[in-house]
Each structure stands twice: as C-alpha cells, then as structure tokens.
Amino acid sequence: MLPEVALYLLTVLLLPAFAGMAVGGFGVVMVARRAQADRQQAVRRAQVVQAIAAPIAFLASFLLETGPVGLPLTERWHVLPYAVAVAAIVGAIASRMRLPWWPWWVQWSIVAAILGGLAWKFVVFPASNPYLQAGLLGSIVLVGLLWSAVARDACSVGMAMMAAIVFAGLGVLMVLANFASLGVMAFAVAAALAGLGIVSGVLNLREAARLRAAASAQPVAVGADPAGAACPAEAACELVPWTAAAATTLAAIACVLALCGHAYNYGEVRPLHWAVILLSPFFALLVCKPCLRGAKPIVGVAWRVGLCLVVVLVTLINAVGRGNAVEDAGEGAAGSDPMMDMLEESK
Amino acid sequence: MRTLIVASSFIAVPFLVAMSRPMSSAPFGAAAPITQPAVAGELTLDPVHSMALFRIQHLEAGQFWGRINALSGSVAWPMDDSAAPMIKAVAEIKHIDTGSEKLDNNLKGPNFFNEKEFPSISFSSTGGTRVAERHWMLSGDLSLHGVTKPVQVDCVVTGVGKGPTGKKVGFECMVTIKRSDFGMTWGIEKPPKALGDEVRLVIGLEADETKAE
C-alpha cells in the first residue's frame, strides 16, 4: 500500500511540479548561458516561459489527478484547466508586450482586468451569483495589482517563494475544505514555484560570483570606489526578473482556485482565510522599501518570504483551530440526548 | 333461442374482455416482465422510517457502512402482489450519516457525491419480474452524481401492517453498483485502492397508504 501511495504522490504532485519547474528553469538556464550581447532577448523569452511554468504544473497535476475533461463540463469545477490555460496564454502574450507610453500601473491594470473579465464571464461555480462573480473580477484586479507591485520590488527568488507559500497555503485550505484533489493541484503549483525559485537562486548566486570574479580580475581605476565594483554584480545577478504579467497571471489563478475552494467548502474554512492568504505577499511590501534598501539581497528575500510565511501560518493555524473547536462541540452534542435533556428540564 | 343468445352473450362477453387484457403475471410466477401494475395502491414513503445503507471497502480491508436518512418518494403496489412495486425514491445527500461529521462533509464534497451540484440520488423503477411471492427483481433508472444508468434492484415486500393513517407496507431492496460507472472515481486508482469501486446499497422503505383527498 505504502509504495503505491508514494507512487501516486510522485505522479500527481512531484511530476507536475518537475514539469513546471523544468519549463521555468529552462528559461533561466538559457539566460545564464547566453552571452551578454543577446541576453536581453533571452530574458524576454524566459519571462514568457516563467509566466506559463506554474500553469503547466497545474494542468499536468489536473490531468494526472482527474483525467482529461471534455466539453460540455460534467462538473463545474472542471472549468479550472480551461481557465488556467487561458490565463497562461494571456500571461504569456502580456509578458512579451511592452507599452512604454503608459504608466506601469495602467499596463498591469489592463492585464488584470482582462484576466478578471474572462474569469467573471466564464468561470462559474455552484451557488454563484452576480455579486460573487463581480467579487471574482474585483479580487483578480486587486490581488493582481498587489502581486505585480510586489514583483516589481522583490527579486525573482523572493517572488517565486512568496507565490509558492501562497499556493501551499491554498492547498492546505483546500484539504481543510474537504477538496483533496484541488489541494494536491495547489501543492503541485507550489512545488513548481519553489523549485523555480531555487533554480533561479542558484543561478543568480553563480552569476553574482562570476561577475565578482570578473570585477576583481580587472584593475581598479584610480579614484573608483572598490565597494562600488561589487554593486553591479549584485544588481546583475537578477537573471530573469518577474514581469507584472506573470505575477498577475499567478494571482488570477490563485483567486480562481480560492473561489473554487470556497464554492465547494464543506469544512471550517472562512472567506477571510482565503482572502488573507491571497493578500499575504502584500505584507512583504510593508518591509520592502525603506528598511531593506542597501541590505544584502538574501536579507531582503528572507524578510519578505518570512513575513509572508508567518501570515500564512497564522491563518492556517486559525483555520485548523476553528475546525477542531467545531469538532469538539460536535462530539459533545453527539453525546447528549435531546429527549433526556427534556426530561431533565421537566423535573 | 333468444334466451340462449342472451345467456351465451353473458358468458362470452366477460370471457372476450378477459382475453383481450394482458395477463398480469405469467403462470407459476415465472419471470415475465411487467411494466404497469394492474391495480396499484398509491403509497407514500415515510421519511422517518426509510433510509439507504451503503457499504464500501476501505483500504482493501474492512467494509465500511454509512447511511442516507429520510428517503422520500412514492410506491405504487397492489396489495394482492399481482404486480411489481413501482418505486420512485429520492435520497438527499445532505442527509448522509456515517457517524462522523468530518467524514460526512468529505462525502458531500466534490471528490465524492458533490452535493453542491448533485444534491440528490433518485431511483425510478420502470418494471419488474417476479422472483417469488412478494419478491421482485425491479428494473429502473438510478441517477447518481449527474449520471443516470439502468440498474436491477432486488426488492422484497417485508410486510404489510397498520399505521396511524392506514395500511403501512415495508420494502427492502438491494443493489450493487460500480461507482465508477457514475463518474465517482476518487480513491479507486487515485489515490490507489483507498476505497473500493463496488458499492452495495441496502434500502429500507416504509410506505403509507395515501389518503384520498
């Protein structure tokens, strides 16, 4: 039994995670191997690949866990692979586009609004109503903009890790909501993002070391700041920065998954739990600018990821605690007999 | 002569009428399909005393039992057992009861019954063949998890008693289905062998004579 369960987990969890990580990692590796001359082009390609890495992990996990789903849909939550595929395509296209004549927040709003509008129109779960659908549109725009802002400020490793924490948190909430299949899929996305973050981190460190070695090999010019020579290396180690489009795509997928979990919730997960976990990367913005400027990149990553993790963990502990409290109350209720209570009262 | 004609017509007409009717059952209770009862008594299911028990193998080990309470519906059955009971029964997933609230919620969730989309299970018999006295093999349609399939249900009339509103009839029906036929596949292969595919349903029904308005 145990080897079979291990094989199952390997199939539906690790295999999709490796698929997503491999796709995203391939882009980063390609950039690392490119010469400086055509690196810019490679970075833009890698950013497109980065936008579709997590969706690929989700689609692979869905395919392995649930199997292919055709149209018309037999169950409403089977719309998820289609929604994620559309989000990936929009994200990939938006990653390639550069609209320099508009301010950054206008571009991100457009991508978020397109993804939110598509979800609002086509992604419908049980007990949906116009307010809930409008809420989905609004949440994709809001969370998309926030995640984009975080991606603009945080480095690629930090962003990947924060998104991994969010999806892992969503996975736990799915299990608590009695939706194990979707939990496994969320874990697969989290594992792919974590793997992508690790690949990015290792390559970034290697790149930084290479640039430092190159800088130290060159003679320091008279009057130049020796400390400043190391700075370009630190800056250039960001091989493939996250695009707002990729961050918005991830945010849209997270919002749709959260709403799906909420729609089929049979546990003790409250809407606030989904909301706090979706917004947890926002808390990273609180520490990003003033106090971390000038700090080493690893310190910045640790602060942001750590804060996001704390928020998610507190939410999960709250959700699990609530479930246990209800269970205890339920056991107490099961032990009491209403008829006996009535007899006691009549005495 | 006229008297003879009148007398013979009194004999012949009922005979011809009887010949023109389809026979309600084959001789010696042989398995002849019956689609409609000849004279059906209308009975309404008593939800308090009607339930469905389901049995499924857990982790290739024990047979786990759960129940769905408060079945509703109707039965058309002539008390003289001249025809098969025509059962229309509905089980609502919200009445699932395994003795564990956590497990109930899990079963209501999208990995199993998906109550939010498919809130009830229904069975509607379309005919039946006699097995023995008050024992029928019913054929009918079972709708579960959004899929409707024909099934054969073994049904025994357990007794006819007297209730507060009139006659009360008990039925016990059994059917074994493969849940994968109805699109409920979680736990069969993924995760592997967590739960069996075959589900045995034992349905206990009590039906009351419907009072004329």
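Data overview
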quantity: Virtual spin-label span in nm between residue B:100 and residue B:131, 7 Å along Cα→Cβ; calculated: 3.2 nm
quantity: Peptides ranked, highest mean first, by Cβ atoms within 10 Å: ranges A:17-30, A:46-59; calculated: A:46-59, A:17-30
quantity: Members of B:88/B:193; A:121/B:116; B:108/B:193 lying beyond 24 Å, as alpha-carbon distances in this model show; calculated: B:88/B:193
quantity: Modelled FRET efficiency - R0 56 Å, residue B:180 with residue A:298, Cβ distances, 0.05 increments; calculated: 0.65
quantity: Rg(Cα)/(2.2 N^0.38 Å) for region A:89-218, N = residue count; calculated: 1.33
quantity: Net charge over other residues, Cβ less than 13 angstrom from the Cβ of residue A:69 (K, R count +1; D, E count -1); calculated: -1
quantity: Estimated FRET transfer efficiency when R0 is 41 angstrom, pair residue A:15-residue A:210 (beta carbons, to 0.05); calculated: 0.80
quantity: FRET efficiency, residue A:131 to residue A:286 (Cβ-Cβ, R0 25 Å, nearest 0.05); calculated: 0.25
quantity: Net charge contributed by nearby residues that have their C-beta within less than 12 Å of residue B:196 (K/R +1, D/E -1); calculated: +1
quantity: Pair residue B:141, residue A:106: separation of 7 Å Cα→Cβ label points (nm); calculated: 5.8 nm
quantity: Order of A:82, A:266, A:131 under a 10 Å beta carbon neighbour criterion, fewest first; calculated: A:131, A:82, A:266
quantity: Charge dipole magnitude, Cβ of K and R +1, D and E -1 - region B:31-209, Cα centre, debye nearest 20; calculated: 280 debye
quantity: Extension gain, residue B:198 back to residue B:65 (0.36 nm per residue minus Cα-Cα distance, nm); calculated: 46.6 nm
quantity: Interchain or long-range residues, amide H under 5 Å from residue A:242's placed H; calculated: A:156
quantity: Region B:103-124 residues near the modelled residue A:73 label - backbone nitrogen below 18 Å, point 7 Å along Cα→Cβ; calculated: B:109-119
quantity: Length released on extending from residue A:314 to residue A:121, taking residue separation times 0.36 nm less the Cα-Cα span; calculated: 66.1 nm
quantity: 12 Å beta-carbon shell around residue B:119, net charge (K/R +1, D/E -1); calculated: 0
quantity: Residues A:273, B:95, sorted so that the one with the fewest Cβ neighbours within 10 Å comes first; calculated: B:95, A:273
quantity: Exposure proxy order (Cβ contacts within 10 Å, fewest to most) of B:173, A:255; calculated: B:173, A:255
quantity: Compactness index (Cα Rg / 2.2 N^0.38 Å), region B:31-209; calculated: 1.06
quantity: For region B:85-96, 3J(HN,Hα) per residue [Karplus equation, 6.51 cos²θ - 1.76 cosθ + 1.60, θ = phi - 60°, Hz, x = Gly/Pro]; calculated: x, 9, 9, 10, 10, 10, 10, 8, 4, 5, 9, 5
quantity: Shape call, region A:113-186: gyration tensor on alpha carbons, a/c limit 1.5; calculated: oblate
quantity: Karplus 3J(HN,Hα) series, Hz, for region A:145-152 with 6.51 cos²θ - 1.76 cosθ + 1.60 (x for Gly, Pro); calculated: 5, 5, 5, 5, 5, 5, 5, 5
quantity: Label-to-label distance, nm, for residues given as residue B:79 and residue B:152 (7 Å Cα→Cβ offset); calculated: 3.2 nm
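No value in this document is a laboratory result; all are computed from the given coordinates. Only a predicted model underlies this, so the values are computations on that prediction, with no experimental measurement involved. Backbone-built Cβ (ideal geometry, glycine too); neighbour counts: all protein chains shown.
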